[in-house]
Each structure stands twice: as structure tokens, then as C-alpha cells.
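Reviewing the structure listed below.
Laboratory data are not the source of any read-out in this text; all were calculated from the coordinates shown. Keep in mind that what you see is a predicted model, and the values were worked out from it rather than measured. So basically every Cβ, Gly included, is an ideal-geometry build from the backbone, and we count neighbours across all protein chains shown.
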Amino acid sequence: MAGFAAMHPFAPAAQAEGYLAMIAELERDLATITGFAGCTLQPNSGAAGEYAGLMIIRAYHQSRSQGYRNIILIPASAHGTNPASAAMAGMKIVTVACDANGNIDVDDLKAKAEQYEAELAGLMVTYPSTHGVFESRIREIVDTVHEFGGQVYMDGANMNAQVGLTNPGFIGADVCHLNLHKTFAMPHGGGGPGVGPVCVAEHLVKFLPSHSVQSTGGEEGITAVSSSPWGSALLLPITYGYIKMLGAEGLRKVTEMAIVNANYMSCKLKDSFRTYYSGESGRVGHEMILDLTNFRKEYGVEVGDVAHRLMDYGFHAPTLSFPVHDTLMVEPTESESKEEMDRFCDALVEILKEAQSVPALVVNAPYTAAEVVGEWAHEFSREQAVYPLEWVRTQKFFPHVTKIDNGYGDRNLVAVNEE
Ligand SMILES: Cc1ncc(COP(=O)(O)O)c(C=O)c1O
């Protein structure tokens, strides 16, 4: 729609009334969903949202003549962007330990909050955690930080396990970011722009980011965190449409399905793959970490080999070795059908059997069409390599490139030699 696609970010406001109305309504909706009073759509990614949120916290402390508060507590389970954003915001990071179940070690949190009371800026916490678990002591965690004068930044990257069921405002946080490219239907991956809105409680609204060309943000707004006033505004109609079409009930159902789907897969796989962390009820949140830590020692197979082998079954591998080494983190979301989840589970179970019986089959994956029609030097058949399960035949995907040395490629420029 040209009205959305052809707008210049610095077009005079009078020429963008429709856009601005949509932006204002989306900001309101996102504030409602997160249980907060205000929202900015300026940050272009989750990480940019973290940075903006922390700068808002900094401005808040400064406004109370407590600009010296610059210690941020970050649990060991946090996503790497959390400490990176905190460092960019000029804060000093103190790591909080996790217990054996993957939860924040509340005793350690209390001890550190007390130790750094005079300089405590706040806590960054992800809920459910990157370990895929709803921490039952989240309220106590939030209260502890407030008690010692800190603000609570909730990393909302896992909001698809909260929308319509709970929210950061209700839990007691002060700021959160959302990843519209995760929770709110924007295409994810491929390096395209994201949107990482920041929502804040009433006392922080006045610090929402401003802009030097367009009028936006709070009256004491921090400086802009993006070159354009509403960030990647072109993408916003996707989230706007998603929220309007689903409505309150639909959004809640999406969250429920995301959680139910993850628990379905975790249960279905339990005899073959242990789920690394689960909550007190034995359940996971919206994702699960599957334990493959024994693969290298027992079968001589790397977890990266399993990820590559999944391509032969037609799957893009899930997150690898994060946040725990030698694991796969699976997040089915609400949108996969039961049949697709079953196929994925079957593929993983079959790969486990392959690792146990013909490890070379997994180690040499994936298999390209060129390799299959060429000379075949492997101990297993071409059939086993490319059609490991019956249903793969009907929807075969051939990767174009076989395994490359990722580590080498990360460290060295590998140029194509045309000769
Ligand atoms: C828990 C968590 N926080 C923050 C981020 C950063 O988001 P982005 O990739 O949009 O910068 C991610 C991204 O995967 C995440 O999982």
C-alpha cells in the first residue's frame, strides 16, 4: 500500500496523519498489552530497545540526583545482548548466579542488591527466562530490586509466553522491550530490520526518546536511539494488523498455544531427549532446551552435526548451544501444526538412532543433490542419506552447500577463486 510504503520518515506531520494515527494506536495497544503507561516505537531491534530502556532508567536516576547509580544486575542466564547493551549505556555489570534448575539464585540476587545498594541502577531480567522457564519467584526478585533503589528492566523477547496471560507491568517491572519481529508477527531473520519498542511505567514516560526533527517522546526525553523518529515504521502495519485481527481473545489464545505446543514437544521427546530445565510443575514455558551434551562423548557426533542433519529432513535447525552448550533450543510457537511438530520430533528421534548406529551419517550431513548423483564413497546408502524417513520423499529439500568449516569461516575471509 503506497500510503504506507512511500512515506519519508521526515515528511511533515500534516502529510502523515494516517500513519501517525496508526502509530499512536499501536503505542497504546502495546502499552496495554505490557501493562504500562507509555511506549516508544523508535528502537530498531530488541538490543536497541534494551539500550533505550537502560538509558531511560539512567535518565530517571539522574532526575532524582542519583546519577551515580550505575550497577546493573544481570542473571547468568541472560541473552548476550543484555550485558552488551548495559555496557553501551555506561553501566557496570554484576552477574547474578542461577541455581541448578536454571532459575535466578534469589539468595545471590539479594546479597548482590544489598552489597551494591548505594549504586544499584537496576536489574535486567527475562521472563520466562532464556532457559524457557517461568520463574516462580519473579515477584520477590522484582521487589528486592525496588527495595534497594533499583529499577527493573524486563527483557520482553519471550513475551509470546505472556501476552494476554500476564504482563511486565502486572509483575511489577518498570520498563520492558518487545521484539515485534518475534512476538508480533514481523518476519524474523535474514538480517532485515526489526522493531524493538520500549514500554514504560508512568514515572518513566517523560523520558521516552525524543527526536531532533520530529516531535515525539517525553518532555524530558533521552536523545534519539534511531535516526528516524519512529524507527522502522514501514513494518508497523504488520503488527497493527496482527493485533487488530486477533483481538484480546485471539492474542491470549496464541500465547496459550505457544506454551501448549512447547510442552507437547517436550513430553513427546522425553524418552529420547531430556529437557534441560523445567519449572517446579515439571513444565516448560514457550520453549525447551534439549540436552545433547552426551552426543560428542558417546557417539562422536557434534550438536552442530545434528543441526546440519536436520536439513536433510527439510528442517531449519533451531537455536544451537544457547544458552547452554551442546543443546538445541526449540521454540515451536503457536503457528506450527501438530503434524509438523510430530514430523520434527520424529526427525530428532531418527537422528538419535542414526548417531547411535551410523554416526558417520550424521557427521557428514547435509547431503547435496550434486553429492548424491556423484561418486559415493560413504559406508551408508544414498537412500539413507537423503530419504531417512518415508515422508521426506514427498517434500524433499536439497541443501545447495554441504558442511563448511564455520569456525574457519568466522575467522578468515574466504574469497571465491574464479580461476
Ligand atoms: C532474550 C533475548 N533478549 C534480547 C534479544 C535481542 O533481540 P534482537 O535480536 O532483536 O536484537 C534476543 C534475541 O534473540 C533474545 O532472545
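Largest GNM mean-square fluctuation across Asn179, Asn261, Asn294, computed for the chain with C-alpha springs under 10 Å, falls on Asn294. Spin-label pair Asp405-Asn101: with each label point 7 Å from Cα along the Cα-Cβ axis, the two points sit 4.5 nm from one another.
The DSSP beta bridges internal to the chain are antiparallel in roughly 45% of cases.
Per residue, the convex hull spanned by the Cα atoms of the stretch 12-231 measures out at 115 cubic angstrom. Spread over its residues, the convex hull of the C-alpha atoms of the chain is 178 Å³ per residue. Classify the stretch 311-419: rounded, prolate or oblate, from the alpha-carbon gyration tensor (a ≥ b ≥ c, eigenvalue square roots; a/c under 1.5 rounded; otherwise prolate if a/b is larger than b/c)? Because a/c hits 1.5 or more and a/b fails to exceed b/c, the stretch 311-419 counts as oblate.
For the stretch 209-217, putting each phi into the Karplus relation 6.51 cos²θ - 1.76 cosθ + 1.60 with θ = phi - 60° gives couplings of x, 9, 8, 7, 9, 9, 7, 7, x Hz, in residue order, rounded to whole numbers and with x for Gly and Pro.
Candidate cross-link partners of Lys268 among the aspartates and glutamates, defined by an alpha-carbon separation under 16 Å and a same-chain spacing of 8 or more, comprise Glu287, Asp291, Glu331, Glu336, Glu339, Glu340, Asp342, Asp346, Glu350.
Given a Förster distance of 41 angstrom, what is the FRET efficiency for Gln66 paired with Glu334, based on the Cβ-Cβ distance and rounded to 0.05? Kindly include the intermediate steps, with their values, before the conclusion.
Values: r = 42 Å, r/R0 = 1.03.
With a Förster radius of 41 Å, E is 0.45.
Rounded, prolate or oblate, given the Cα gyration tensor of the stretch 97-216, with a/c below 1.5 counting as rounded? The shape class here is oblate.
Determine which lysines satisfy two conditions relative to Lys403: a Cα distance under 22 Å, and not lying fewer than 8 residues away in the same chain. Partners within reach: Lys297, Lys353.
Within the stretch 150-233, the ratio Rg/Rh, alpha carbon atoms throughout and Rh by Kirkwood, equals 0.99.
Want the number for Val416 to Asn294: 0.36 nm per residue separation, take away the alpha-carbon distance, what's left?
Values: separation 122, 0.36 × 122 = 43.92 nm, distance 3.71 nm.
Roughly 40.2 nm would be gained on extension.
Rounded to the nearest 20 debye, the dipole magnitude of the stretch 1-92 is 520 debye, with +1 charges on Lys and Arg beta carbons, -1 on Asp and Glu beta carbons, and the Cα centre as origin. Helix 17-34 and the long axis of the chain differ in direction by around 80°, with both axes built from C-alpha atoms. With neighbours defined as other Cβ atoms within 10 Å of a residue's Cβ, the residues Thr32, Thr216, Thr223 order from fewest to most as Thr223, Thr32, Thr216.
Would you mind putting 320-333, 152-165 in packing order, based on average other-beta-carbon counts within 10 Å, highest first?
Top of the packing list down: 152-165, 320-333.
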